[in-house]
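K.L.:
Sharing a structure below in structure tokens format, with a few things to ask.
Rule-based calculations on the coordinates, nothing more; no lab input. Here the structure is a predicted model, which is why all the values come from computation and not from measurement. Ideal geometry is used to build each Cβ from the backbone, glycine not excepted, and the neighbour counts take in all protein chains shown.
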Amino acid sequence: MNKLANKVVLITGASSGIGEALARVFAGEGARLALAARSAEKLRALAGSLGGGALALPADMTVPAQVRQMVESTVKHFGRLDILINNAGVGMYAPAASMAPEQFEQVVATNWLGPVHAIQSVVPHMRRQGGGQIINISSVAGKVAIPWMGAYCGTKFALNALSDSLRMELAADRIQVLSVCPGRIHTPFARNAFRDTTTRPLSSDGISAERVARAVLRASLRGKREIVVPASNWTLVWLHTLFPRLIDYAMVRYLRGQMRK
């Protein structure tokens, strides 16, 4: 039996990586999908591969009007919206003291303001229908900061804080909020990230996007509030809480050779 039969799920950043994997996993459980990303061609191809019932919605998460239209188009097409997955994001590799302001603003607009606008657009619909679920794809880098990735980490810390606040504010409306914090994943993330001339992206070696998507599905069905994928990354979070100076020192020693030219 499909566990998400007739549930409407809107996924941002759906054209590749975690977003594409989420689309396939949620479709496998019978969800009706609205897929959003900037690439219309990739979205249409993905929607077609899922059987043709998915709605492709080209949208730029940095443009509030397009974010609002994305939500309204989903509700108009399907009649409701049960789950919003804020997955769209962009990385940035540069020292915080010298990063390009226009690139930093783009990271904030994509990773932080985009989800805020999407949430503000979906909550009225979810309240009217008696509930729903908001899933924010954050990062372990939103719990333990990484040197030379301050802009990206800052947006993910902010997204985690937003999730925590929303969870309390929306509980009475029966709207669940799930925060997802993956570690390093094998996706085009590093290739698509902003970077300066002095910093190298981290290797994209890591767990598969499919593994993250399956973990998100399980957590969604169980009504979890937060997950870290893989769960072994909780060790880093706990160690940083207990021994922050030691972990900071170790991270700089370990990452300097990989990230600094």
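K.L.:
Label 7 Å along Cα→Cβ of GLN120; the stretch 153-172 residues with amide nitrogen under 19 Å?
P.N.:
Backbone N within reach: 155-156, 158-170.
K.L.:
While we're here: If I model a spin label at ARG225 and ASN2 as a point 7 Å from the Cα along the Cα→Cβ vector, what separation in nanometres do I get?
P.N.:
The two pseudo-label positions are separated by 3.2 nm.
K.L.:
Order by neighbour count: ASP82, ASP173, fewest other Cβ atoms within 10 Å first, most last.
P.N.:
Ordered from fewest to most neighbouring Cβ atoms within 10 Å, ASP82, ASP173 come out as ASP173, ASP82.
K.L.:
Would you mind pulling out the separation of the Cα centroids of the stretch 209-261 and the stretch 157-182, in Å?
P.N.:
Distance between centres, Cα-based: 19 Å.
K.L.:
How large is the charge dipole for the stretch 1-106, taken about the Cα centre, if only the Cβ atoms of Lys, Arg (+1) and Asp, Glu (-1) carry charge, to the nearest 20 debye?
P.N.:
Around 440 debye, computed over the stretch 1-106.
K.L.:
Determine the sum of side-chain charges near ALA100: Lys and Arg each +1, Asp and Glu each -1, restricted to other residues whose C-beta is under 14 angstrom from that of ALA100.
P.N.:
That sum, taken over residues with Cβ under 14 Å, equals -2.
K.L.:
What order, most packed first, do the peptides 10-18, 32-40 have when packing is the mean number of other Cβ atoms within 10 Å of each residue?
P.N.:
10-18, 32-40
K.L.:
State to the nearest 20 debye the size of the charge dipole of the chain about its Cα centre, where the only charges are +1 on K and R beta carbons and -1 on D and E beta carbons.
P.N.:
The calculated dipole for the chain is roughly 480 debye.
K.L.:
With a ≥ b ≥ c the root eigenvalues of the C-alpha gyration tensor of the stretch 12-81, is it rounded (a/c under 1.5), prolate (a/b larger than b/c) or oblate?
P.N.:
It comes out oblate by the Cα gyration axes.
K.L.:
Now for a separate question. For a label point 7 Å from the Cα of ARG260 along Cα→C-beta, name the residues of the stretch 132-176 whose backbone N is under 13 Å from it.
P.N.:
Answer for this model: 147-149.
K.L.:
Would you please give the FRET efficiency between GLN106 and SER204, computed as 1/(1 + (r/R0)^6) with r the Cβ-Cβ distance and R0 = 35 Å, to the nearest 0.05?
P.N.:
Taking R0 as 35 Å, the efficiency between GLN106 and SER204 is 0.95.
K.L.:
Mind checking which of SER121, ALA141, PRO182 is farthest towards the positive end of the chain's charge dipole, using Cβ charges of +1 (Lys, Arg) and -1 (Asp, Glu) about the Cα centre?
P.N.:
PRO182
K.L.:
Right, here's the next one. Give me the percent relative contact order of the chain, please, defined on Cα pairs under 8 angstrom at least 6 residues apart.
P.N.:
18
K.L.:
Further question: Residues with beta-carbon under 11 Å from that of HIS240, excluding HIS240: net charge, scoring Lys, Arg +1 and Asp, Glu -1?
P.N.:
In short, +1.
K.L.:
Give, in nm to one decimal, the length gained when the segment between VAL252 and HIS186 is fully stretched (0.36 nm per residue of separation minus the Cα-Cα distance).
P.N.:
Difference between extended and current length: 21.5 nm.
K.L.:
Quick check: net charge around SER15, other residues with Cβ under 11 Å of its Cβ, Lys/Arg +1 and Asp/Glu -1?
P.N.:
Residues near SER15 contribute +1 overall.
K.L.:
Shape verdict for the stretch 104-218, please, from the Cα gyration tensor: rounded (a/c under 1.5), prolate (a/b greater than b/c) or oblate.
P.N.:
The shape class here is prolate.
K.L.:
Just check the stretch 222-261 against the gyration tensor rule for me: Cα atoms, a ≥ b ≥ c as the square roots of the eigenvalues, rounded for a/c under 1.5, and otherwise prolate or oblate depending on whether a/b exceeds b/c.
P.N.:
oblate
K.L.:
Follow-up question, since we're still on this one. Take a quick pass over the chain and tell me how many lysine pairs come in under 24 angstrom between Cα atoms, counting only ones 8 or more apart or on separate chains.
P.N.:
For the chain, the number of qualifying lysine pairs is 9.
K.L.:
Taking 7 Å along the Cα-to-C-beta vector as the label spot, tell me the SER232-SER73 distance in nanometres, rounded to one decimal.
P.N.:
Placing both labels 7 Å beyond Cα along the Cβ direction yields 4.1 nm.
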